[in-house]
Each structure stands twice: as structure tokens, then as C-alpha cells.
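Below is one structure; the comments refer to it alone.
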There are 2 protein chains.
Amino acid sequence: MISIAILGNGVVGSGVAELIEKNINSIKNKLNKGIKISKILVKNKDKHRNSNNYRIITDKPEDILKEDVDIVVECMGGLNPAYEYIKMSLKQKKHVVTANKDLIAKHGLELLSLAKENNVKLYFEASVGGGIPILRPLKNCLIGNNVTSIKAILNGTTNFILTKMSKENLSFDKALKLAQELGFAEADPTSDIKGYDSARKLNILSNIAYNRNLDWETFKVEGIDKLDEFDILKSNRLGGTVKFIGISNIINDKIHASVRPVIVSKDSILGKVENEFNSIVIEGDSVGELAFYGKGAGKLPTASAVYADIMNVLINKKEDQLLFNKEPANLQKSFTDKKDWIVRIKVDNKDRHKIISKLSEKFNKVYIDTDDLLPKDEVFATIYSVYEKDLEENLRIFTDINNVKTLMIL
Amino acid sequence: MISIAILGNGVVGSGVAELIEKNINSIKNKLNKGIKISKILVKNKDKHRNSNNYRIITDKPEDILKEDVDIVVECMGGLNPAYEYIKMSLKQKKHVVTANKDLIAKHGLELLSLAKENNVKLYFEASVGGGIPILRPLKNCLIGNNVTSIKAILNGTTNFILTKMSKENLSFDKALKLAQELGFAEADPTSDIKGYDSARKLNILSNIAYNRNLDWETFKVEGIDKLDEFDILKSNRLGGTVKFIGISNIINDKIHASVRPVIVSKDSILGKVENEFNSIVIEGDSVGELAFYGKGAGKLPTASAVYADIMNVLINKKEDQLLFNKEPANLQKSFTDKKDWIVRIKVDNKDRHKIISKLSEKFNKVYIDTDDLLPKDEVFATIYSVYEKDLEENLRIFTDINNVKTLMIL
């Protein structure tokens, strides 16, 4: 009998329990062994009185670890106590499956080695892209490629908000409120809208793709909360749409990684991704451009990925444990290619002409948008074919950089 | 030392050799073992005098089998002699990797069992979707799902032709000629444009997805060679675009599978796939809609998938060999859902009114297109919300079915 312990009985945890129960017969046929969920760990047992699984619900962590458990499935989220529980589980030679991107982005290097040392598996497919198969294909199917870039919509909440802003002309605040009402955004949406959630997922993807150790806290990460209707208007005019993109690439062993709103063409793969869907575009030197698309969150999509990890622990026993390389990445803060940029500078009316003439002086090709619909107290410009580093340095010379908003055209 | 024999030195075979040579050091580091290409089998050795690998090129099949070869990589294509060579290789307990969809669609059931019996691997990731990781994700990552449908653009040649017809108003013949000039279409393009290539790939995908034995020769397969500018015009008017789609689904253990040109929305995932790219959309009951996108053919994209299979043979030694289920599918020729249809009926002018009145009599909701740009000797109708079976039966009653062209709106 295979024994599974689930940490957490929230959306993902209960979805995993549901999938295991649904597949209990097919697992038995496949493995010639029964499977059972032996314990489900929660914070407060009383809150789960109405759960079908109440008889196996516990709020004592020691119950999990003293049980004869084969696989610990961590669906609690957050760094602590998930970190401690996983560490203990691995040391006691239990396989671990987790959907926890915070944890893998922060402690993946240590925990994956710990799994290897103890000759057990630590799988985390669901931590990036929810139900989209991405980490295992990246590791197993692109092995003949040097991955050269990743561009991805990694957060469903913010993509839903941007879709509503773009298609229904909602303000950021109204779109956020709608997302919260529909259950797509949490009460505290900071980690989503500020980009921390996307940055952690980009961190995990990039660690695997480039085989270097990255730290998302050093990435350039800009949220979507500063976007307004004028950004949306301008992007529409350009035949584009604003998307919240995690992007990384590697050139001569230098890695750039950032998360920010950018304008992408409406006809591009990422431009077509709407609402709560995610998409990951990977460029490999042999395979060219590949894209993966699907639901990046939600009960059963996420549980589908967790469940596949559980089955891979049980079936593919000799699969190589993926490790993160401890060699630190040579990280570039600024984007590596010349790009076009929307630049908005808050100005007093008296300074408008000065700012415009400075822009024309500093940059080769500048277009000043004088549309009546745009705000009167800003210079609204498109600056063509400039490196990000040069853009920022040049702007800093003649204006207060705090009054400047830039938006990359990808 | 790991020894690889490659059957075929064409586009794919030479790409595989290139990738192995490029990665020779990283393989050595990973496996603590060297790797070499010991032999490359060709039909006529003299034609390969200028190949870098001439010293290991042979035209004697027995050279391959008597060598101490670990993995046979079949990149010849076609049924024979690939079938015989692979059978012999498996019986001699050599692992086999192949990109051959004809062979796997026809003999997969037998060859996969033969591999299992002999305790070796037979992998064929490159046979569907070229460089796109699809078979391994379908098997390993969607194991918690019942796949309910597959919709896919599986042939780059025909997608290129349709893109040119749609975007540049080329006729079918001109678009085909252009594809041939650019090397996207073969001198004999029958298998591509008639849909046999797509049907074989759909057969392989569906065998795995529904765990049943399908035979593409029993599918409804309609080529793209009958499409003309009026189909393109009409699809544009509807906000759609004509794509060549392999589609299968399962309802109550009944499977429908067909390959045909259909009209899809321009804004759908498949509607955005252009030129030689492929895309596979899979619906699972847990994960919802997933899509995979990339290059479905070409030297290095295909070699990337073959190479990944080779590495999986070497690294994941205990991976479950995928088998096809011998239980035959309960196949439905007609599409299972009510759909809207474009119906074109060749008529003598005197019969036009009779045909139109019959259409209105037989079908609930009919729109007759009277646009001046459409051909004068046809009734050009849109018929709404009808089962395919009912559509065909009803049309047969009052007109010569040979004079009818139908186009599904997906």
C-alpha cells in the first residue's frame, strides 16, 4: 500500500485528494499496489469538520512524519512552515511533491540537493504554469538545445486584470476589484500585481533553462499597478496590447531577467493569451520557438500537475532528480537588445518645450504624441531603438526620473 | 562507450548526427561515458562522398546489426524497409528511436510490444509535431486527466499553403508551387495535401490520449486541394480563417477522428498558427485546455526531439515503455456535435430556386449568400446547428452529393 500525506486542505490540497480518489482503481491496476491518503495536515482541525476527509485530517505535524508515509505532498504555500516540513520529510527519506513556487525559488538549490542526498525525489511541476506541463518538458525534451530566451505570462490574476482593462476599458482599480469578486485575485493581491509571483516562477524556469543560480530578488521587477488608460490607449494604437511578461535571456553567459508590463503585438502568441490563462514561450537553438499554453492556476489544473508528479515518483523511479546549479548567474539588470519605448514624463507646462527639445537632442528617433486624448501635464513620447541602459541614463540627465514612466515595446 | 547507429543521412538523420556531435562533451560529463556514432546506413554510399561522416557511412544493413550498437536511430521514413530494420533491431535488444509517423501509426502496436518483450525502448517523440514536446507530456504530465478532445494543426506544408492563400490571396496551385520552391513541400505533396500525414499523426496522438487502437485509414480524411478563393473569402467574412485540422474526441467511449479543412475563428489559438508552424490543443477533464506550439518539421527541430529521445533512453532507464492498447476504438465517422456549415452546391440555373427552397425545407436555419463575388453556378449557403450525419443525409435526398462541398465552422 502506497501512503500519501497531504500538507494543506485548501484549493490545491483538496483538488489533489479528489484526483487521487478518482484514480484509485487505475493506480492499483498500473502499479499492482493500492494507494491511500493517510493524513491531511491543516492548521486548525475544527475548520474542516465538514470535509469528507475529516477522519484523516490532523493539525499535528508529528502525525505526518511518524506515519509510514511514502510521499509528502505539500500544498500549503508560503515559506514557513513549508520549508521546515519539507526538509524534515526529505531527511526521513520521504519523496516530496510541491506546488510551492516561493519555496522552490528561495530554497530549491538546498532542498533539491537534500532530496538527491537522501535518494528520494522532490518534484515541483505545479509551481510554474499550474497545469501546463513545462518543467519536465524543459528538462527532458529540450536537452539537445541551449535555451536562449524565455518570455512568459506567468500570473493569471494580472493577465485577467489586463484583459479587462484592455477589452472593457476598466481602470486598474475596477479590474482588480472584479478579479477579487470573481475569485481570481486574493484579498491581498500584492504578490501578483507587484510581480513577485511571476518573478519567482521566472526564477525557477531560468534556473533550469540556463543551468545557473538566479535570485529573483535581484531581478528588475515592475508591477502593473501604475498602468492607466493612456498606456492601454497607446498600446491599442500601436496594434499592441499590454501584457505582464517575465522575460529572461542569455547572451555570452550573461543573463538578463525581468518582470514588467510590456507592449506586445496583438497578433503575437503572448498577445493572444487572455483572462486567467498563462503561456510560456521558449526559444532553443535547435528547436526554435516553442510555446506552451494553459491554465496557470485553479484547483484541478494545479492538482493535475501535482498528481502527475506523484505518479512520476511511483512509476519512473530512476528518473534523474533535477538539481539547481549553485554557480551564480552573471545577471544583467537592463534589457540586452535595443528596443522601442513609450516614455511619459510629468511636466509643468512651462518646461514642456525644454523637455521635448532635450528628448530630441538625446535620442536619435523620437515621436512626440500630441493626441488630445492624452493627459495635458505629460510629454508622451515614443523613443525608437535604444538600449534600456542608455534610455535611463539619458533621461536622468535632464529630468527627475521619478516623474518618468517607461513601457517597453517587445 | 555508447554506440549509436543512424538509419538515413537525409535532413533529419544529418541533423541528429550534428546534435550528437555538438553535445558530445556534455553527454560525457552527464553519463560518465563517451558516445559515438558508429555507422550511418544509406541506400547508395556513393551519393554521400562529400559527407563529413563518409568514413562511417555504409549501404549494408548487416553492418548496422552486427555492430555492437546500443541505440538504432531510424530517420529513413516510409514503411519499408524501416519496419524490417526496426523489428530486427528490437529483437537483437537494441533500443530504437524513430521519427517515422507512417510506421508508428501502422505498426506501433506490434513494435511497441516487441520493445517491451525485449526489455528495450522504442521512442518516437519526433513522429508528431516535430520539435514540439507532445507525446511525453501527454503520457507523463496528463496522467491525472481523461483527455476529452484533440484539435491540431499537424502539417506545416499545408498550413504554409493555407496561410499564403488566406493572407496573400494566392490560389491553391500557386501557394503549393511557392511551398515547393521554398522547400516546404515535397515534389510529390500528396500525403500532405490529402491529409494522410496529418491523419497518421492524429492516429498516434489519439491512440495515446484515449488508450484505444485507432486506424487512420478508417478516419474521415478530406484534403485541402479542393479549397478555392471563395472558401477563403467566405471564411474571412465570418471573422475566421481556414485551417487544416486533425480533430478527435471521445464521448461515452465512442471516438470521432477526422482530418479536414475547417473554418476557425481568427482569434482562436489554432487561428493564429501561421506558415510552417504546428499546434496541438488538448482538452483534459482536470487541466482544461492546453496548447503546444512550435515547428512541426525541419532539420534541427525534428533532430531536437530525436536527440531528447536518445538521451531519455540513456538517462531514464526505468521509464515505462509506452504501449498502444490493442482494444479497438468504437469509431464514429461523423462529427459528434451540432455545428454550423458552409454548403456549396453546383446547380444549373433552372434548379437554383428548387435547391434553395429544399434547403429551407430540410434545415431549420439557413442563410443563402447572394454576394456578387461568389460563383454564379452555385448555391452558397450557411446552415446552422446541424449534426454532420443529418447534414449529409438531408442533402443526399434532394441533390447529387458529388456536386456538394461542405466546410465545417469549428
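A few points about this structure:
- Using bins of 5 Å that start at zero, the share of Cα-Cα pairs per bin across segment B:105-230 amounts to 2, 10, 17, 19, 17, 13, 10, 7, 3, 1, 0, in whole %.
- Spacing of the two label points (7 Å from each Cα toward its C-beta) at residue A:168 and residue A:365, in nm: 3.8 nm
- Shielding by partners - mean other protein chain Cβ count within 10 Å, residues of A:275-281: 1
- Taking all Cα pairs closer than 8 Å and separated by 6 or more residues, the relative contact order of segment B:1-107 comes to 30 percent.
- Of the residues A:162, A:79, the one with the fewest other Cβ atoms within 10 Å heads the list, and the complete ranking is A:79, A:162.
- Dividing the Cα radius of gyration of segment A:339-409 by its Kirkwood radius returns 0.92 for Rg/Rh.
- Considering only Cα atoms, the convex hull volume of the protein assembly as shown works out to 188 Å³ per residue.
- Using only side-chain charges placed at the Cβ, +1 for Lys and Arg and -1 for Asp and Glu, the dipole size of chain A relative to its Cα centre rounds to 900 debye.
- Between identical copies, the spacing of residue B:182 label points, each set 7 Å from Cα toward the C-beta atom, reads 3.7 nm from nearest to farthest.
- Computed per residue of chain B from DSSP H runs no shorter than four, each worth -39500 (n - 2.57), the mean residue ellipticity at 222 nm is -11000 deg cm²/dmol.
- Protection-proxy order for peptides B:148-154, A:107-113, each taking the mean of Cβ atoms within 10 Å per residue, highest first: B:148-154, A:107-113
- Cα→Cβ-extended label distance, 7 Å offset, between residue B:26 and residue A:22, nm: 3.7 nm
- A Förster radius of 51 Å, combined with the Cβ-Cβ distance separating residue A:148 from residue B:398, puts the computed FRET efficiency at roughly 0.30.
- Quarter of Cα convex hull surface for segment A:2-123, i.e. mean projection, nm²: 7.3 nm²
- Divided by 2.2 N^0.38 Å, where N counts the residues, the Cα radius of gyration of segment A:305-360 comes to 2.55.
- Taking every residue in B:288-300 and counting other chain Cβ atoms within 10 Å of its Cβ, the average works out to 6.
- Each of A:190, A:156, A:38 was placed along the dipole of the protein assembly as shown (beta-carbon charges, centred on the mean Cα), and the one lying farthest toward the positive end is A:38.
- For segment A:162-236 versus segment B:148-167, the gap between their alpha-carbon centres in whole angstrom: 33 Å
- Inter-probe distance in nm under a simple model that places probes 7 Å from Cα toward Cβ, at residue A:384 and residue A:320: 4.6 nm
- Two-decimal ratio, chain A, of alpha-carbon radius of gyration to 2.2 N^0.38 Å: 1.09
- Other protein chain Cβ atoms within 10 Å, averaged over every residue that makes up B:135-142: 6
- Taking 17 Å as the cut-off, the amide N atoms of segment B:374-396 that come nearer than this to a point 7 Å along the Cα-to-beta-carbon line of residue B:348 belong to B:377-379.
- Counting beta carbons within 10 Å around each of B:3, A:304 and listing the fewest first gives the order B:3, A:304.
All of the numbers you see were taken from the coordinates with simple rules; none came from a lab. Owing to the predicted nature of the structure, the values given are computational and were not obtained by experimental measurement. A quick note on method: Cβ atoms are made from the backbone with ideal geometry, for glycine too, and the neighbour counts reach across all protein chains shown.
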